[in-house]
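S.K.: One structure is given below, represented as structure tokens, and several questions about it will come after.
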Amino acid sequence: MSNEKILLYICVGAVCTIFLRALPFTLLGKKEIPDKIQYLGKILPPAIMAVLIVYCLKDVPVSFLESGVQKLIAVGVVAGTYLWKKNTFFSIILGTACYMILLHII
Amino acid sequence: MKKKVIQTAIRQSLPITCSYLFVSMAYGIVMEEAGFAWFWSLFTSLTVYTGAFQFVLVTFLSSGASIVTVALTALFMNSRQVFYGLSFIEDFRNMGKKYPYMIHTMTDETYAVNCALTEKKELFESEEERRNVMFYVALFSRISWMFGAVLGGVLGQVLPMELEGIDFCMTALFVVIFIDQWKAAKHHVPALLGLGAGILCLLIFGAGNFILPALILVSGSLLLLEKKIQKEETDCE
């Protein structure tokens, strides 16, 4: 593939991505934010975070023994220690270390 | 003031920068193996700046898929990003020259951290300070993404195997943020709807393309429940 064509492909990908990221902003312009959008903007974050967690765990049923069990245990460690100690870094580091070690030993 | 902003941003973005470094190194290696030098990885990471789609783009570049396929896949895979802006319209509008940069650098992960920062009001003296931290989080995340891509491309095949699984820190971060949101929320309908819609759509549409239907389903249901939820909120107060 020629360099020009590689450049073109990457730029098309970039423009499409930027278009999507900017869409809520370009649609509204400088206008007042409509009530419905304000409501959604306020209420969506926990829902989106839940969907993202499902996304992170999407392979659990498919590769249950290779990495699924390990992930579920590690998520339990993160949630448990965070509820207990309320320390973000402690939980993230411990959970990730658990996952990496479990990957090696199971 | 500025020192504190940067320190907070480094702390808050650490889970992102660590996992980005690792994932984008893998990306740089994949690109290198497909025959594209590190500067292509850097250019893509600078302009496209999205995880999964960048990997798919490598296969398009090597197979020479049509440009329409590239565009449609980009639109389809990244459509979830439309929803992220909704929560930060007000914030970004108030960020002056940084406005376009903030829009361009909104990823799953920076979105999550931005949400977390909005919950942690006690960290900041002012809204402006919080917005500045959001800017540096975006900046550091993007730098680590680009740095990793170059490093992967230059180092080539030697991906350190003992680091396998380090990208789990992203999942861990999402879980922690979700718990914070859960505690802060007056009621848990949105969180539960998100979980339900996520799992339902995963079962129906499969792992590859369930996020968009899940987000549409959850937004639609929340709009239908608007009156009920807002009534409950005013009742609580």
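FYI, it's all coordinate maths here, none of it is from the lab. From a predicted model like this one, the values you see are computed outputs, not experimental measurements. Virtual Cβ from ideal backbone geometry, glycine too; neighbours counted across all protein chains shown.
S.K.: Please name whichever of B:Ala184, B:Trp38, B:Phe76 sits farthest to the positive end of the charge dipole of the protein assembly as shown, dipole taken about the Cα centre and charges placed at Cβ: Lys and Arg +1, Asp and Glu -1.
M.R.: Of B:Ala184, B:Trp38, B:Phe76, it is B:Ala184.
S.K.: Could I ask something else about it? Can you give me the Cα centroid spacing of the stretch B:206-237 and the stretch A:75-106 in angstrom?
M.R.: Spelled out, the Cα-based centre of one part sits 30 Å from the other.
S.K.: Report the percentage of all Cα-Cα pairs in the protein assembly as shown whose separation exceeds 35 Å, rounded to a whole percent.
M.R.: On the way: 11611 of 58653 pairs.
Across the protein assembly as shown, Cα pairs with separations above 35 Å total 20 percent.
S.K.: Convert 4 °C to kelvin, take the viscosity as 1.567 mPa s, use the Kirkwood radius over C-alpha pairs of the stretch B:2-160 as Rh, and evaluate the Stokes-Einstein diffusion coefficient in µm²/s, rounded to a whole number. Provide the component values of the computation, followed by the final result.
M.R.: Values: Rh = 16.5 Å.
Approximately 78 µm²/s, per Stokes-Einstein.
S.K.: May I pose another question? Given 10 °C and 1.306 mPa s, compute D for the stretch A:45-105 with the Stokes-Einstein relation, Rh being the Kirkwood radius over Cα pairs; round to the nearest whole µm²/s. Mind showing how you got there, number by number?
M.R.: Working: Rh = 12.1 Å.
Rounded to a whole number, D works out at 131 µm²/s.
S.K.: Kindly provide the helix-only [θ] at 222 nm of chain A, computed as the sum of -39,500 (n - 2.57) over DSSP H runs of four or more divided by all residues, to the nearest 500 deg cm²/dmol? Working shown, then result.
M.R.: Values: 4 runs with 83 residues, N = 106.
Calculated at 222 nm, the ellipticity per residue is -27000 deg cm²/dmol.
S.K.: Please find, in a Gaussian network model of chain B (springs between Cα atoms separated by less than 10 Å), the residue of B:Lys186, B:Lys227, B:Lys98 whose mean-square fluctuation is greatest.
M.R.: Looking only at B:Lys186, B:Lys227, B:Lys98, the largest GNM fluctuation is found for B:Lys227.
S.K.: If you don't mind, there's one more thing I want to ask. Taking 25 Å as the cut-off for C-alpha to C-alpha distance, list the pairs among A:Lys5/B:Lys98; B:Lys3/B:Lys97; A:Lys42/B:Lys4; B:Lys4/B:Lys97; A:Lys85/B:Lys186 that go past it. If you can, show how the numbers build up before the last one.
M.R.: Working: A:Lys5/B:Lys98 31 Å; B:Lys3/B:Lys97 21 Å; A:Lys42/B:Lys4 28 Å; B:Lys4/B:Lys97 21 Å; A:Lys85/B:Lys186 23 Å.
Cα-Cα > 25 Å for A:Lys5/B:Lys98; A:Lys42/B:Lys4; rest within.
S.K.: While we're looking at this one, here's another question. Let me know the longest stretch in chain A that avoids all trypsin sites (Lys or Arg not before Pro) found in a DSSP loop with at most 14 other C-beta atoms within 10 Å.
M.R.: Numbers: sites that count: A:Lys30, A:Lys31, A:Lys86.
Between exposed loop sites, the widest span is A:32-85.
S.K.: Something else about it: Counting only C-alpha contacts under 8 Å and six or more residues apart, can you give the relative contact order of chain B as a whole percent?
M.R.: Relative CO of chain B lands at 34 percent.
S.K.: Taking the alpha-carbon set of chain A, what are its Rg and Dmax in Å?
M.R.: Calculated on Cα positions, Rg and Dmax stand at 20.6, 56 Å.
S.K.: Could you compute Rg(Cα) / (2.2 N^0.38 Å) for the stretch B:95-237, with N its residue count? The partial results should precede the final answer.
M.R.: Values: Rg = 18.8 Å, N = 143, 2.2 N^0.38 = 14.5 Å.
Its radius of gyration relative to the 2.2 N^0.38 Å reference: 1.29.
S.K.: Can you give the helix-only mean residue ellipticity at 222 nm for chain B, where every DSSP H stretch with n ≥ 4 adds -39500 (n - 2.57) and the sum goes over all residues, rounded to the nearest 500 deg cm²/dmol? Please list the in-between numbers first.
M.R.: Details: 13 runs with 182 residues, N = 237.
Only helices count here, giving -25000 deg cm²/dmol.
S.K.: Would you please state the base-10 log of I(q)/I(0) at q = 0.18 1/Å for the stretch B:1-48, with intensities from the Debye formula using one equal scatterer on every alpha carbon?
M.R.: For the stretch B:1-48 at q = 0.18 Å⁻¹, log10 I(q)/I(0) is -0.65.
S.K.: Report the relative contact order of the stretch B:3-77, percent, no decimals, based on alpha-carbon pairs under 8 angstrom and at least 6 residues apart. Write down the numbers at each step before the final one.
M.R.: Working: 24 pairs, mean separation 17.4, N = 75.
Averaging sequence separation for qualifying contacts and normalising by length gives 23 percent for the stretch B:3-77.
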